[in-house]
Amino acid sequence: MDEPVSRRRLSCGIVIVNREAELLLCHVTGHDHWDLPKGGAADHETPREAALRETREETGLSIDPEQLLEIGRVDYRPRKDLHLFAALLPRLDASALRCESRFEDPAGGARLPEMDGFGWFAFEQVGELCTPRLAAVLQQRIDLHRLLVALRHRVESSLVLL
């Protein structure tokens with residue numbers, strides 16, 4: 001007898017970097033780790049649309065879809081994959097970012113933001129700030145320094161075409 005096919009959930013997000021080799025991370029409310037802006041795709045959304053929406057909801061940033069470089073789909077957890085994109089942004093003031101996405105605090109019932117802090121961090125800090133699974137994706141499956149070079153090249157190439 002065949003086993004039922006397990007349906008893997010998909011979380012879509014954007015790896016946002018700046019020219020100083022820093023990564024924008026969001027602090028997860030009520031936890032001791034930092035994360036990428038990411039989340040589940042609605043039935044009607046493409047991974048790109050979901051990544052843009054989640055980033056806007058969790059940071060307040062509206063990123064031009066043309067700026068995105070597709071990284072692709074990667075295994076994340078036993079029943080969850082990530083579909084990631086990357087964007088090169090200027091080193092904006094992270095303290096100005098705001099999370100619109102809320103959840104109900106089980107302890108008190110208050111509606112809290114999913115993310116309660118934002119910061120730029122050197123690529124080398126990923127292992128100490130993120131969960132081990134996300135750190136493995138960012139350090140082993142994605143070469144952040146090579147990604148930054150590709151994003152810079154992409155931006156410079158588009159300027160030459162203008």
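What follows is calculated from the coordinates using simple rules that are stated; it is not laboratory data. Bear in mind the structure is a predicted one, so any value in this text is a computation, not a measurement. Neighbour counts are summed over all protein chains in view; Cβ atoms, including those assigned to glycine, are modelled from backbone coordinates with ideal geometry.
With the simple spin-label model, which puts each label point 7 Å out from Cα in the Cβ direction, the L112 to E128 separation comes to 2.4 nm. Between the amide H of E114 and those of S101, R102, F103, distances stay under 5 Å, these residues lying 5 or more places away or on another chain, with hydrogens modeled in the peptide plane. With a cut-off of 15 Å between beta carbons, the residues surrounding R152 carry a summed charge of 0, where Lys and Arg count +1 and Asp and Glu -1.
Of the chymotrypsin sites (Phe, Trp or Tyr not before Pro) found in the range 28-134, not one falls in a DSSP loop while having at most 11 other beta-carbon atoms within 10 Å.
3J(HN,Hα) along the range 83-97, derived from phi through the Karplus expression 6.51 cos²θ - 1.76 cosθ + 1.60 where θ = phi - 60°, amounts to 10, 10, 10, 9, 9, 9, 10, x, 6, 6, 6, 5, 5, 8, 6 Hz, with x in place of Gly and Pro. Using only alpha carbons, the range 1-90 has a radius of gyration to Kirkwood radius ratio (Rg to Rh) of 1.03.
Between the beta carbons of H31 and H153, assuming R0 = 45 Å, the FRET efficiency works out to 0.80 to the nearest 0.05. Centre-to-centre, using Cα atoms only, the range 114-140 and the range 21-44 are separated by 9 Å. Taken about its Cα centre, the chain carries a charge dipole of about 280 debye when Lys and Arg each add +1 at the Cβ and Asp and Glu each add -1 at the Cβ. Beta bridges assigned by DSSP with both partners in the chain are antiparallel in approximately 70 percent of cases. Among K80, K38, the ranking by other beta carbons within 10 Å of each residue's beta carbon, starting with the fewest, stands as K80, K38. Within the shell of other residues whose beta carbon sits under 10 angstrom from the beta carbon of H83, the net charge comes to +1, with Lys and Arg scored +1 and Asp and Glu -1.
Straightening the chain between D64 and A21 buys 13.4 nm, computed as 0.36 nm per residue apart minus the Cα-Cα spacing.
Among residues other than D35 with Cβ under 12 Å from its Cβ, the summed charge is -3 (Lys and Arg +1, Asp and Glu -1).
May I ask for the Rg/Rh ratio of the range 9-161, computed from Cα atoms with Rh as the Kirkwood radius, given to two decimals?
Working: Rg = 15.1 Å, Rh = 15.8 Å.
So for the range 9-161, dividing Rg by the Kirkwood Rh gives 0.96.
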